[in-house]
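Worksheet: one structure, shown below.
Laboratory data are not the source of any read-out in this text; all were calculated from the coordinates shown. This one's a predicted model, so the numbers in the text were calculated from it and none came from an experiment. Because the Cβ atoms are built from the backbone with ideal geometry, glycine has one as well, and the counts that use them run over all protein chains shown.
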Amino acid sequence: DYLYLNNGDGTFREDLENRLGHIPNFSMGNDIADFNNDALPDIMALDMLPADNRRQKLLYGPDEYEKYQSQLRNGFYHQVMRNMLQVNNGDGTFSEVGQLAGVSNTDWSWAALMADFDNDGWKDLFISNGYLRDYTNRDFMSYYAAQRIKEARGETSEALMEIIGHMESTKTHNYIFRNEGGLQFSNQVENWGFETPMLTNGAAYADLDNDGDLDLILNNVNEPVAIFENKSSGGHYLKVKLEGGGGNRYGIGARVEVRAGGNVMMQEFFPTRGFQSSLHTPLHFGLGSATVADSVLVRWPDGQEQLLTGVEAGQVLALKQAEASGTMAVSELPALFGPAESPLPFTHVQPPTVDFKRQSLLPYMMSGLGPAMAKGDVNGDGLEDVFMGGAKLQAGEVFIQQAGGAFRATGQEAFKKDVVYEDVDAAFFDADQDGDLDLYVVSGGYDYLPEDLGLQDRLYLNDGSGGFSRSKDALPLMRTSGACVAVADADGDGAADLFVGGRLIPGEYPKTPVSYLLLNDGKGKFRIATDEMAPGLSGIGMVTAACWLDGGQTLAIAGDWMPLTFFHKEEGQFKNVSAGVLETPSAGLWCALAPADLDGDGDEDLVAGNFGTNSQMKASPEEPATLYYADFDDNGAVDPILTYYIQGKPYPAFSRDELFSQLVSMKKKFTDYASYADAGIEDILSPEQLKMAKQLKAVELQTVWLENQGNGRWSLHPLPAMAQVAPVFAIQPLDANGDGLTDLLLAGNYERTRANWGRFDANHGVLLLNKGDGQWSYVPQHRSGFRINGDARHILSFAQNGRRLLLIGRTNAPVSAYIQNKEVQ
């Protein structure tokens, strides 16, 4: 696909890759309209991913990750086969939210039309569907077509047409979705009368019977045109008929904003929309319960504007460009933050390893979880310094902050010697109680053997001036691929102790790694005390994040395929009190934790970053995602099989070819695509295999904040929809707008995913303002000022000349920086 930006001088420039994170693989029709009522045009582009499991499995082939990477290297862009809804960020970029919105899977689709069909003030979505000859059926392609073409080689073209005649015809119902406000749509196919299978291509809408709502006109292949009369009742409307100037009789390119009932509804008049269709009709605005539009503003193509106020509903408002006069000044509020030149000259360099070669059924790659970041005053000059962790084969670096705010790299030999390790987390603390900050670095990653020497964590001792040397005997043997370290005095002896979370066992995902509680002898030497002080903690799960609460009395833990977990100190031991702490089930694919007093009641609440809901995988207590694992084919390798619900029944997430890549023996069971198309886990695994399989479940994928009730219990509250657009790995509590309330900056994304899933890249730095009543308000990107690209993993915050400087560590990318604007102080 291509996105051409108008230069304003009659020329255009193509700029898609700087604006959109990814696009459909086989784009058909599209529409551009403002679906979330922020007065910005959004993009809906259609593809051909089915909604039902059977057709998905008949359509999907192997997940060719390396082929996909080769295409990227040769000029192709990130493309995935599904509909894509691109929400306009207001800064020239878009975030793709089609899976979160529930509109990504509508089969072989043609026309997309965004219009308010129920007059509630929000644009709904119609999608036409169907294909006369379904040449995507993989059984047809693999067997029948190959055989007949071979037989017909050298014959006349009729033989090929005969083959085409045997292709299955795919009649499917069209789709219509109701806009629920914001980023969520609901499927109304049955409720609104679109169940009939058809072969529809072109589509248009108009109020054919002049009853104040939009009817649909559908063009069908080899069948008559179909007209769907809109029978909706309730909801007021306003029609705007435009008369342009000069040769532009219909006012093409005019922009109309209607304000009514607290909503801002914007439309641009461009008649050609959907698929090979045109709509030369008045602009139709649903007003909901409002009987009067507060204002109607039209901006004509030449920049002239008209403003009308107090416009009665239920009429056709005729506007003429000749009656427009002048333009209205618009005062743009300054962004809360702005990009800054990074004071840290550090670029994380991730080796291009492919984890899927080792375990082909991994849901996503396990490597690339850095860079580690930590801050602290290591040389006693009163300024906070920074440690940046390196990827495997890359040295970490300590940067000393200078008086002017710049950072100086120290290039220390201790870190250069340790390039075999992958640094995934780090913490500064006084390990040996000599008055300076030492450095603990967690070794992680997937590109190692189990219990590899390269998985040993490290403690670097400070000489008092910021020079570090690695201690050879401070830590016990702990060759675990880790994720995080949390520092607190766990045993109350005045020395800093550590919790170190185990992330995974390389090559054996999702088997449980070892986590550690390390007690400090007061001189900087640590011993493992997990079993004696915290029974059950060592095998708690695949930990991703942890933090201490209540001064080291409570340990909060998050993890992959884990519930949010709490260990509380009682009579000298830490006990798992999770069952009595959370009011709702919380097993999820958690990525991050951060404590902060979010409700101003004086105790610490929590923010927990999760996988998000902008993917094919959905999870709830009623319909959980499940990960089955065991060595199903007795070859010594762990075989993970992910399932999630599709239309009310759980199915494997992977295609037949993907399953064969890990379990070759399954070829005997599923000899063609049709035999696999309806298979559930009980059809794939034998009763004996099911019995031996271990299961991990996820029931919550939303990023949330946890309210501390003050009585040992916590209440879980989902954050707004924009917090769910991608996995959240980095959380920074801060007061962004100077109102004294703790706001949240969430960052993350996950690019190292399966080719058929596509990368999760919609989070550009989500800023949520605290409204003080437990509610949060998303700040659009052009207002927040954040444009964080790539996989953000850590955020460090610094006070600099009365402003807040944020440094963001990103996987395989330079450190990015943002500074708070003076105007908002």
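Just a few scattered comments:
- Note, ³J(HN,Hα) from phi for the range 631-646, Karplus 6.51, -1.76, 1.60, rounded to Hz, x at Gly and Pro: 8, 6, 10, 6, 10, x, 10, 7, 10, x, 10, 8, 10, 8, 7, 10
- Here the dipole of the chain is about 1820 debye; that uses its Cα centre as origin and unit charges on the Cβ of Lys and Arg (positive) and Asp and Glu (negative).
- Put a dot 7 Å past the Cα of residue 416, heading toward its Cβ, do the same for residue 622, and the two dots end up 6.2 nm apart.
- FRET efficiency for residue 695 and residue 2, using Cβ-Cβ distance with R0 set to 56 Å, rounded to 0.05: 0.80
- Other-chain or far-sequence residues with amide H under 5 Å of residue 618's (modelled H): 645
- The range 766-816 has equivalent-ellipsoid semi-axes of 22, 16, 11 Å, by the square roots of 5 times the alpha carbon gyration tensor eigenvalues, sorted largest first.
- Each of 375, 669, 67 was scored by other Cβ atoms within 10 Å of its Cβ. Listed from fewest to most, they are 67, 669, 375.
- Counting other Cβ atoms within 10 Å as a rough exposure proxy, the listed residues 471, 443 run 471, 443 from fewest neighbours to most.
- Taking only the C-alpha atoms of the chain, the Rg (one decimal) and the largest Cα-Cα distance, Dmax (whole number), read 28.9, 90 Å.
- Per-residue [θ]222 nm for the chain (sum of -39500 (n - 2.57) over DSSP H runs n ≥ 4, rounded to 500): -2000 deg cm²/dmol
- Per DSSP, loop trypsin sites (Lys or Arg not before Pro) in the range 771-816 with at most 13 further Cβ within 10 Å: 771
- Charged side chains reduced to their Cβ positions (Lys and Arg at +1, Asp and Glu at -1) give the range 350-490 a dipole of some 720 debye around its Cα centre.
- Dipole of the range 544-701, positive direction: furthest Cα of 660, 545, 671, with charges on the beta-carbon: 671
- Between residue 280 and residue 226, the FRET efficiency estimated from the beta carbon spacing at R0 = 25 angstrom works out to 0.80.
- Percent breakdown of C-alpha pair distances by 10 Å bin, ordered from the shortest bin, for the range 191-246: 20, 41, 27, 11, 1
- Subtracting the Cα-Cα distance of residue 357 and residue 264 from 0.36 nm times their residue separation leaves 28.5 nm of extension gain.
- Residue order, fewest to most surrounding Cβ atoms within 10 angstrom, among 305, 413: 413, 305
- Two-decimal Rg to Rh for the range 357-408 - Kirkwood Rh, Cα set: 1.23
- Under 5 Å, built H, 5+ apart or other chain: amide partners of residue 253: 269, 270
- If R0 equals 22 Å, the separation of the Cβ atoms of residue 771 and residue 333 corresponds to a calculated FRET efficiency of about 0.80.
- Computed over the range 679-732, the convex hull of the alpha-carbon atoms projects to a mean area of 7.1 nm².
- Amide H contacts of residue 542 (H built 1.01 Å from N, under 5 Å, at least 5 apart or other chain): 560
- In order along the range 455-466, phi translates into HN-Hα couplings of 9, 5, 5, 9, 10, 10, 8, 8, 7, x, 10, x Hz, rounded to whole numbers, per the Karplus curve 6.51 cos²θ - 1.76 cosθ + 1.60 with θ = phi - 60° and x for Gly and Pro.
- The alpha-carbon atoms of the range 341-427, seen along their principal axes, cover 50, 26, 22 angstrom, with the largest extent given first.
- Here the Debye sum runs over all C-alpha atoms of the range 685-825 as equal scatterers in vacuum, and log10 of I(q)/I(0) at q = 0.11, 0.15, 0.18, 0.20 Å⁻¹ comes out as -0.51, -0.83, -1.09, -1.26.
- Derived scalar couplings between HN and Hα for the range 52-63 equal 8, 4, 4, 5, 4, 6, 6, 9, 7, x, x, 8 Hz in order, rounded to whole Hz, by the Karplus curve 6.51 cos²θ - 1.76 cosθ + 1.60 (θ = phi - 60°), x for Gly and Pro.
- The charge dipole of the range 692-825, taken about the Cα centre with unit charges on the Cβ atoms of Lys, Arg (+1) and Asp, Glu (-1), comes to about 440 debye, rounded to the nearest 20.
- The mean sequence distance of close C-alpha pairs (under 8 Å, at least 6 residues apart), as a share of the length of the chain, puts its relative contact order at 10 percent.
- Residue among 324, 71, 262 farthest towards the positive dipole end of the chain, charges placed on Cβ: 71
- Rg/Rh, computed from the Cα trace of the range 424-555 with Rh as the Kirkwood radius, has the value 0.96.
- Each listed q (0.11, 0.18 Å⁻¹) maps to a log10 I(q)/I(0) for the range 586-732 from the Debye sum over equal C-alpha point scatterers, namely -0.55, -1.02.
- Dipole of the range 169-240, positive direction: furthest Cα of 230, 212, 184, with charges on the beta-carbon: 184
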